[in-house]
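This report concerns only the one structure given below.
Values in this text are rule-based calculations from the coordinates and carry no lab data. In this text the structure is predicted, and so the values were computed from the model without any measurement. Here the Cβ positions follow ideal geometry from the backbone for every residue, glycine too, while neighbour counts run over all protein chains shown.
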Amino acid sequence: MKYLIAMIVLMLLISVQAQADIVVVVHPSSRLKNLTQQQIIDIYMGRIHAVEDTNRIVPYDQPQDSELRASFYQHLTGRPVAFINAYWARLLFTGRASPPRQVTDNMSIVDIVEKDPNVIGYIDERNLNDRVSVVFKIITHAQQ
């Protein structure tokens, strides 16, 4: 029994360490430099399509079943991804809005953002490189 408890604790510690922070990224030449949490929520919930004097912002999302996507929405909005999915289903059904476009993985977001200054996306911080600029960071684990 002690062995089982020790293994469970170890697995929990490993999973916490493995989870990196999430960064919201844009093209380096974008006029967006820093965004607030509320602005990110409004962009990803389809409430706003531009910030200040920028062109139309096109948000991209991680895959539907992605752990990163679930973590992003949970930490950003405080709501589970099931709530977000239901929210978008309602808006889509009524024709009021379309959800952010989905890609296959982190590097797809980086590739798309790098090519289009109007695109915004989010990635695991471990995939961050100089091809994109960070406008917001979501801390997903307790700072040590």
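Could you bin all the Cα-Cα distances of region 102-141 into 5 Å bins starting at 0 and give me the percent of pairs in each, rounded to whole numbers? Bins of 5 Å from zero give 5, 24, 36, 24, 9, 2, 0 percent of pairs.
Listed peptides 108-120, 30-42 appear in the order 108-120, 30-42 once ranked by packing, highest mean of other Cβ atoms within 10 Å at the front. Region 83-140 and region 28-58 have their alpha-carbon centroids 12 Å apart.
Taking a quarter of the surface of the Cα convex hull of region 56-98 gives a mean projected area of 3.4 nm². Computed over the Cα atoms of region 20-138, the ratio of the radius of gyration to the Kirkwood radius (Rg/Rh) comes to 0.93.
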